[in-house]
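Sharing a structure below in structure tokens format, with a few things to ask.
The values are calculated or read from the model by the stated rules, or taken from the named source; none is laboratory data. All of these numbers come straight from a predicted model, not from anything done at the bench. Please note: Cβ atoms are built from the backbone with ideal geometry, for glycine as well, and neighbour counts cover all protein chains shown.
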Amino acid sequence: MNRSHQVTSEHEFITTESQLASLVERLEQHDSLGFDTEFVSEHTYRSHLCLIQVAAGDELAVIDTLKVQELDPFWRLMTDPRRTTVVHAGREEMGFILHAIGERPAHLFDVQVAAGLVDHDYPAGYASIVRRVLGQPTNKGETRTDWRKRPLTPAQIEYALDDVRHLDALWKTLEARLEERGRTAWMQEEMLSWMDGVSASFTRKRWRRVSGLNGLNRRELAIARELWHWRDSLAESRDMPPKRVLRDDLLVELSKRKNTDPQQISAVRGMQRSDFRHILPQIADAIERGLALPEDELPGGERHKAPPPQLNVLGQFLATAVGGLCRQLEIAPSLVGTASDMRELLAYKLGHGKDDTPPALTCGWRAEVVGDLIDDLLAGQASLRISDLTSRDPLVIDRTENHSPPEDASN
């Protein structure tokens, strides 16, 4: 029995590995492909992949990942250096590739990033980019679909396909705009940096993201770190969200109490769940490891000079000035840097940085865009004033003699 069916004459629905093999063979003939995924992330350790939509040339297909389990041939299409992979806000998509085969796409083009390099808005939604760049509408229904449920309706499949059917046109249009403005190298640099960040987010243990760590001393931080590692390992083995194993507030409270007695641990408010009885010894062991850690191995021991209070004011001022420049150059200010990035830059210049890593605004294309402006503003060789209250960009940057504004890379 043929389990594949056509949603419409040009959309193939893939439900078997043999059909996937045939699709991969056809996709290999193309030098680019766009893809998107539908997933559910609320109930599992990692996002549960439910559907892959793919578009390349005249090919438009949906892969039912609840029925097709062996997806490596598809993922490896994207590691071929002869092929460009096109996505929108592709963090989760890249995560699926990394987890499946441990490799990155050879050439990744995220239309959300590209749009931010030639437009004012970042991060922009897919529908917004399609409308602004291509002047076309998109399907806005089915946003609350549970993609694990089968069968999928034709409306659900059409909604999913809408997320890829415009990717090729967006890629070609945005690539041309980047080329026209001399920003192709910026895009390549940003995508490499973006992939580094995404890879790190999926591989680095981020225990410091636990809510409520501020105010803990070094020993308590060590206990919190041990509890985090234990919680993360157990959550992965049970395929459940880590906070369902142990809430952040309970993790912090146990770190403060420093008690390794299972009875005392169970007496903490919120620790009375019946399933906790089986893991209390593991919790006690994790706390004991934190207590036993040598003093010179405790986290949070770095000491830095407190940043001066004017950093907040100066950060906001620089962000406003940089935002005005970005709008003139048609680059999204939020892609260049936030007020927090400005404060980080100021702290670095004033010797209050947290480490020796240069801030993002001092590197690559960002330094090319705003480096001179920031240096001139800090040196008093440029100023910001209000020009026309009725203008969309009422702020004007005045520079002293012999200091010219930066030119667009396309000039």
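Among what's in region 125-151 and is aliphatic (A, V, I, L, M) and free of Cβ contacts under 8 Å to residues at least 40 places away in the same chain, pick the residue that is surrounded by the most Cβ atoms within 10 Å (Cβ to Cβ).
For region 125-151, the residue satisfying everything is Ala127.
Just to be sure before I move on: is Pro309 touching a residue at least 12 places away in the same chain (Cβ under 8 Å) and either closer than 30 Å to Val369 by Cα or touching a Phe, Trp or Tyr at 6+ places or on another chain (Cβ under 6 Å) (or both) in the structure I sent?
no
Next up: Inspect all residues belonging to region 54-73 and state whether any of them is touching a Ser or Thr at 6+ places or on another chain (Cβ under 8 Å) and farther than 19 Å from Leu161 by Cβ.
no
Out of region 179-233, which residues are buried (at least 20 other Cβ atoms within 10 Å of the Cβ), farther than 30 Å from Asp248 by Cα and acidic (Asp, Glu)?
Glu190
Which residue out of Ser22, Ser47 is out of contact with any Lys or Arg (no Cβ under 8 Å at 6 or more places or on another chain), among the polar types (S, T, N, Q), at pLDDT 95 or above and surrounded by fewer than 19 Cβ atoms within 10 Å (Cβ to Cβ)?
Going through Ser22, Ser47 in turn, the sole match is Ser22.
Just the residues that are surrounded by fewer than 19 Cβ atoms within 10 Å (Cβ to Cβ) and acidic (Asp, Glu), please, taken from region 93-124.
Within region 93-124, Glu103, Asp121 meet the criteria.
Ser340 - would you say it is part of a helix (DSSP H, G or I), closer than 16 Å to Leu314 by Cα, polar (S, T, N, Q) and outside the structural domain of Arg183 (by TED's automatic domain parsing)?
Yes, satisfied.
Looking only at region 202-217, how many residues end up being more than 15 Å from Ile287 (Cβ to Cβ) and in a helix (DSSP H, G or I)?
Qualifying residue count, region 202-217: 4.
If you don't mind, there's one more thing I want to ask. Answer yes or no: is there a residue in region 238-255 that is at pLDDT 95 or above, over 20 Å from His43 (Cα atoms), in contact with an Asp or Glu (Cβ under 6 Å, 6 or more places away or on another chain) and outside any helix (DSSP H, G or I).
Looking for residues that are at pLDDT 95 or above, over 20 Å from His43 (Cα atoms), in contact with an Asp or Glu (Cβ under 6 Å, 6 or more places away or on another chain) and outside any helix (DSSP H, G or I), one finds none in region 238-255, hence no.
Being in a helix (DSSP H, G or I) and touching a Phe, Trp or Tyr at 6+ places or on another chain (Cβ under 9 Å) is the filter; apply it to region 135-169 and report the residue that is nearest to Gly125 (Cα to Cα).
Going through the qualifying residues, I end up with Asp163.
Being buried (at least 17 other Cβ atoms within 10 Å of the Cβ), modelled with pLDDT of 95 or more and farther than 17 Å from His229 by Cβ is the filter here, so list the residues in region 266-299 that pass it.
Across region 266-299, the qualifying residue is only Met271.
Taking His88, is it surrounded by fewer than 16 Cβ atoms within 10 Å (Cβ to Cβ) and on the phi < 0 side of the Ramachandran plot?
Criteria not met by His88.
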